[in-house]
Amino acid sequence: MTATEPATRTAAEPTGGGGPVPVDASTLVLGIETSCDETAAALVMGGDDVVSNVVSTQIDLHADFGGVVPEVASRAHLDALNPVIARAIVEGGVEESRIDAIACTVGPGLVGALLVGVSAAKALALAWDKPFVGVNHMEAHLYAASLEDPTLEFPLVVLLVSGGHTMLVEMRDHGRYRLLGQTIDDAAGEAFDKVARFLDLGYPGGPAIDHASMLGDPEAIAFPRAMMDSGLDFSFSGLKTAVVNHVRAHDDVADADVAASFQAAVVDVLVTKARRAARQVGATGIVLGGGVAANSSLREEILTACEEDGIQGFLPSREMCTDNAAMIAAAGWHRLRSDGPSPLDIGATPNLKLPLID
Ligand code: KG4
Ligand code: ZN
């Protein structure tokens, strides 16, 4: 990302161990992510050069339960994390001693799951005598697009749509965020997951609905678009209820039509509001982030809207949209550069908020 690139700086008082580290284009950060149901580790150099990126998903473990089971997730992270970190280092083709800092998600997320990554990251920081950097998972999603397109120019509007959050954020510069709007009830991903579970389409719900929609008619059912005409907040719980009511009242309705019409309603609202937000702040472009940003229809519609409005549309690849550690290492590099290392006594914070400027 461009804008006010600070000069190379030296991070003071590393608390993970070791002396001050230069934070520049050659700084190699090991990222670790265990906030939910993906165990991930990655090496990223200079904040945007992905050297390795390993993700071990727990989807199969949770599928029978139709959602993430926190205790199962924590245990699976414990089993997977060391091999995943080892693989990221081997695939990166570097010696451990070449790693300059360890960045790890400290929140938001499931507390037991977070603790597995945070404990491992701190232990590595101490054992290797390197700085530790605590990363906000939401901030990392904002950085995912910059890994594939480091030329992004501020101000940007980021539509952050994941399983737990739906937000429109103005990114004025690195680390300078303003919340423009957010959901007042369900997150977009949560709505996808709940509707997919109701239709018995499988888990996780987002990809299942995305897939089913390809065979359906998005105009078959006119589902409500809540709070569409004004403002930048969202509401998806009424839409979920509308789907349930419609299916109960029409036994013969095709799942594919319900999925496609539901998806069209979500995408319509997301795109309309992202566009409104971009106009409001004079953004150079709209960036997508979070798992729902992997949705085919959302990706297509946001690009069309950006083209019509003469701004850029930045879509991270699907693997960068969903949880991964490359985005953690990228956000960690920026935090290390702006704030220096984190103290080793910071813990896992399940409801950590995005740091906002106002
Ligand atoms: O960002 P993420 O990987 O994890 C969280 O931090 O929450 O997002 C997961 C969410 C889930 O709700 C999942 O159903 C949704 O992203 N998702 C999708 C798609 N792929 C994942 N939603 C719609 N379409 C998709 N293709
Ligand atoms: Zn996420």
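Odds and ends about this structure:
- The local environment of ALA283, defined by Cβ-Cβ distances under 14 Å, has a net charge of +3 under the rule Lys, Arg +1 and Asp, Glu -1.
- Looking at the range 206-358, the pairs of alpha carbons with a distance over 28 Å make up 34% of the total.
- Helices in the chain, meaning DSSP H runs of at least 4 residues, each add -39500 (n - 2.57). Divided by all residues, the mean residue ellipticity at 222 nm is -13500 deg cm²/dmol.
- Net charge of the neighbourhood of LEU30, taken over other residues with C-beta under 13 Å away and scored Lys/Arg +1, Asp/Glu -1, is -1.
- Counting only DSSP beta bridges with both residues in the range 153-318, the antiparallel share comes to about 55 percent.
- Among the DSSP helices (H) of the chain, those spanning at least 24 angstrom by Cα along their long axis with an average Kyte-Doolittle hydropathy of 0.5 or more are 111-128; this is a geometric and hydropathy rule only.
- Zone of GLN182's modelled label, taken as backbone nitrogen in the range 24-59 under 14 Å from a point 7 Å along Cα→Cβ: none
- Qualifying GluC sites (Glu not before Pro) in the range 60-119, where qualification requires a DSSP coil assignment and no more than 16 other C-beta atoms within 10 Å, comprise GLU95.
- Take the Cα radius of gyration of the range 132-273 and divide it by 2.2 N^0.38 Å, N being the number of residues; the result is 1.15.
- Distance in nm between pseudo-label sites at ASP64 and PHE198 (7 Å out along the Cβ direction from Cα): 2.7
- Proximal charge balance of ASN295 [Cβ under 13 Å; K/R count +1, D/E count -1]: -3
- Mean Cβ count within 10 Å, highest first, over the residues of peptides 329-336, 224-231, 174-181: 329-336, 174-181, 224-231
- Of the chymotrypsin sites (Phe, Trp or Tyr not before Pro) found in the range 60-164, those in coil by DSSP whose Cβ has at most 15 other Cβ atoms within 10 Å are PHE65.
- Bridging of LYS240 to aspartates and glutamates at a Cα separation below 12 Å is possible for ASP185, ASP186, GLU190, ASP193, once same-chain residues fewer than 8 apart are set aside.
- In a fully extended conformation the segment linking ASP229 and THR304 would gain 25.0 nm over its present Cα-Cα distance, using 0.36 nm per residue.
- Calculated FRET efficiency for the pair GLU96/ILE357, C-beta based, R₀ 51 Å, to 0.05: 0.85
- Efficiency of FRET from Cβ geometry, HIS250 and MET214, R₀ 22 Å, rounded to 0.05: 0.55
- Computed from Cα atoms alone, the Kirkwood hydrodynamic radius reported for the chain is 20.6 Å.
- Computed extension length for GLU148-ARG87: 19.8 nm, one decimal, from 0.36 nm per residue of separation with the Cα-Cα distance subtracted.
- 21 Å Cα-Cα reach of LYS130 towards lysines, excluding residues that sit fewer than 8 places from it in its own chain: LYS122
- Counting every other Cβ atom within 10 Å of each residue's Cβ, HIS62, HIS165 order from fewest to most as HIS62, HIS165.
Bear in mind that the values in this text are calculations on the coordinates, not laboratory data. What you are looking at is a predicted structure, and each value in this text was computed from that prediction instead of being measured. Cβ coordinates were reconstructed from backbone atoms using ideal geometry, including for glycine residues, and neighbour counts include every protein chain displayed.
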